């Protein structure tokens, strides 16, 4: 763990807790079981190998793929089901081997989102999803060979439609049962001063 930004906080009931520093959420307490290892790093970030997916309860849309080695590196992510894409993902046997999985069904998929200054122009990278073997906590960003998948798929309208169709269900509601995210604590409500 020495290469991580984390420091061991304590050991409680056999679980070692550590703290990582993030530029977006400050200090976050995680366990070793929360860590996700990218043996080869992410595309463009090959030196960063250890990440965690953070679920901010104040954000109904995105989770964050946060580097445990660089506080300033975090990517908003969404599940590809929102775009109807995960059913078409064909992961190569080489990619599956890298994360020690034998099938797509045993994996969870996320798409990295780019949010420019004008959020109506946000896009999802459908061409290179993050694929996670939950049991082994191993992940890989896989470049798919399907030319119909876009690197910059516009998603703002799809997000709007999803919110209008299911206003009572958060966009990231499926993430809760996947066992892959670390729920951040809710910020305390501001107290009303007399």
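Determine one quarter of the surface area of the Cα convex hull of region 38-92, which equals its mean projected area, and express it in nm² to one decimal.
4.9 nm²
Relative to the compact-globule scaling 2.2 N^0.38 Å, provide the ratio for the alpha-carbon radius of gyration of region 7-170.
For region 7-170, the normalised Cα radius of gyration is 1.07.
May I ask what percent, to the nearest 5, of DSSP beta bridges between residues of region 7-170 are antiparallel?
Expressed as a percentage, antiparallel bridges in region 7-170 total about 95.
Please give the Cα centre distance for region 33-94 versus region 104-165, rounded to the nearest Å.
9 Å
Every number here is computed from the coordinates shown, using simple stated rules; none is lab data. Worth saying up front: this structure is predicted, and the values here are computed from it rather than measured.
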